[in-house]
């Protein structure tokens with residue numbers, strides 16, 4: 001029952017496509033904002049909040065994380081650059097820019 005309702009909701013009410021149809025996570029978009037939903041089979045359950053930003057946002061983010069001594073990692077995904085860290089409540093945060101070359105150049109300056 002849940003699967004049937006879920007497929008109906010995704011395809012007809014929300015206007016999304018399932019993973020098997022679009023080849024990736026379920027993406028819900030509205031007025032430029034997107035929410036991606038997907039199952040992770042290789043990791044323990046958890047919660048990550050992801051934010052898409054322009055590349056120049058990293059100019060302020062990295063010094064702020066360093067000043068507050070918040071550990072972070074930088075990942076190069078070949079099409080995007082991401083910074084991962086946890087907030088003070090241990091919520092996982094992902095900040096990603098698809099302005100790949102600009103973001104990569106900025107983040108390399110902080111390495």
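At-a-glance table
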read-out: Test set (1) surrounded by fewer than 13 Cβ atoms within 10 Å (Cβ to Cβ); (2) over 15 Å from residue 110 (Cβ atoms) - residue 86 fails condition number; value: (1)
read-out: Positions within segment 55-72 being surrounded by fewer than 12 Cβ atoms within 10 Å (Cβ to Cβ) and either part of a loop (DSSP other than H, G, I, E, B) or modelled with pLDDT of 95 or more (or both), in sequence order; value: 68, 69, 71
read-out: Given (1) more than 30 Å from residue 109 (Cα to Cα); (2) at pLDDT 75 or above, index of the condition residue 93 fails; value: (1)
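The values are calculated or read from the model by the stated rules, or taken from the named source; none is laboratory data. The structure presented is a predicted model; accordingly, all values stated were derived computationally and were not measured. Cβ sites come from the backbone with ideal geometry, for glycine too, and all protein chains shown count toward neighbours.
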